[in-house]
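Heads up: the structure comes next, in structure tokens.
The values are calculated or read from the model by the stated rules, or taken from the named source; none is laboratory data. On a predicted model such as this, the values are computed, not experimentally measured, just so you know. Counting neighbours? That spans all protein chains shown, and the Cβs are built from the backbone with ideal geometry, glycine included. SASA here: full protein model, heavy atoms, side chains in, ligands and nucleic acids out. Shrake-Rupley method; radii C 1.70, N 1.55, O 1.52, S 1.80 Å.
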Amino acid sequence: MTALEEKPARLISGPGMLLVWFYGVMVVGAVSRSVYQIATEFDRAPLAYSLSALAGVVYGFITYTLVRGGEAARRAAVVCCAAELAGVLIVGTWTLVEPSAFPDATVWSDYGMGYVFIPVLLPLTALYWLRAARRGGGGGGAAPPPPPAGGPGRGRAGGTTRDRK
């Protein structure tokens, strides 16, 4: 990293680390569940198992963007969290309105009831955190402090060292 490059703003300090942990757990849960179900009984509920695999991929991407940090990663995470929330709401409503379409549950069925509603609460929490990180209120994403009043190479009072003799 050169002197001109800025280090990406971290999104995982403080409560952001808890988000990464929860998303990591959800990646493992959704991916392992869907891989097993697709490999052993895909013909039983292909839509449900495919949606669980999709959820695992979305969780993985969100985890990656949170760990990567920076403004571009924050924006990508916001888009993915919004898509995740839309998916949870659509699939959750669909499973309540037409349960016969889902012979087996997905991660997002009944708004994530099988996962203690974490699938619906996690994107809401993440969107809130990412919004706070944009404002500099979370994740260490605050802008660096401004230079001293006198500008670069000046002392704290704004004059040069020679002016103080």
Exercise. For region 45-71, which residues satisfy the criterion of being over 19 Å from LEU89 (Cβ atoms) and β-branched (Val, Ile, Thr)?
Worked result: THR63, THR65, VAL67
Problem set entry | Output for region 88-122, where each listed residue is over 18 Å from the mean Cα position of the chain (by Cα), among the small types (Gly, Ala, Ser) and farther than 18 Å from PRO46 by Cα | GLY114
Problem set entry | Failed criterion for THR40 (all others in (1) of a type in the set (Val, Ile, Thr); (2) touching a helix residue (DSSP H, G or I) at 6+ places or on another chain (Cβ under 8 Å); (3) open to solvent by 10 Å² or more (accessible area, probe 1.4 Å) hold) | (2)
Exercise. Could you list, in sequence order, the residues of region 42-70 that are assigned to a helix (DSSP H, G or I) and aliphatic (A, V, I, L, M)?
Worked result: LEU47, ALA48, LEU51, ALA53, LEU54, ALA55, VAL57, VAL58, ILE62, LEU66, VAL67
